[in-house]
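Visitor: Shown below is the structure under consideration.
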Amino acid sequence: MTRPHIRRILLVEDNPADVFLLKEAFQNSGLAFDLITAADGEKALALLFDGKTPDTCPDLILLDLNLPKINGHTVLQRIKSDPRTEMIPAIVMSSSGASSDVALAYSEHANCYIRKPTNLEELFRTVRAIKSFWLDVVQLPPAPAHGNARSASGSS
């Protein structure tokens, strides 16, 4: 019997409650996953670009916009402008529904923009939709030859 492919998800979120709830929602979705967390933009960029190997690249990035140290827009720009990470799907999850934030995120090549759900039921439904589309339906590109990613210390 083969083991399910374990998906690596980089969650860039500074709110510990949101991190906890998203982790619970992914566990509830039935996904075999390794959730790597970064509480600020600086740590996220370090996890992605500090010399790790391609086999540790995340399969998916969930990115908040309002982050300490380096904001989510800057993180997204760096991810999408570097050949080592540009093809990793980056989903912006923000409490902002402002059309200017949505437009800016897409202009920075976000793969999609999701407004953070306001209740637990919506959050679980949103995570199931993310899992279903981005990790079950979509065929993701292979890890780049010179990609970097996460460190094991960020795993939960």
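Visitor: Among 112-125, 60-73, 14-27, 35-48, what's the highest-first ranking by average C-beta atoms within 10 angstrom per residue?
Guide: Packing proxy ranking, top to bottom: 35-48, 60-73, 14-27, 112-125.
Visitor: Any idea how far apart SER81 and ALA98 come out in nm if each label point goes 7 Å out from Cα toward Cβ?
Guide: 2.1
Visitor: What whole number of Å gives the distance from the Cα centroid of region 19-35 to the Cα centroid of region 66-107?
Guide: Cα centres, region 66-107 to region 19-35: 21 Å.
No lab work stands behind these numbers, since they all come straight from the coordinates. Computed from a predicted structure; not experimentally measured. All Cβ positions, glycine included, derive from the backbone under ideal geometry; neighbour counts span all protein chains shown.
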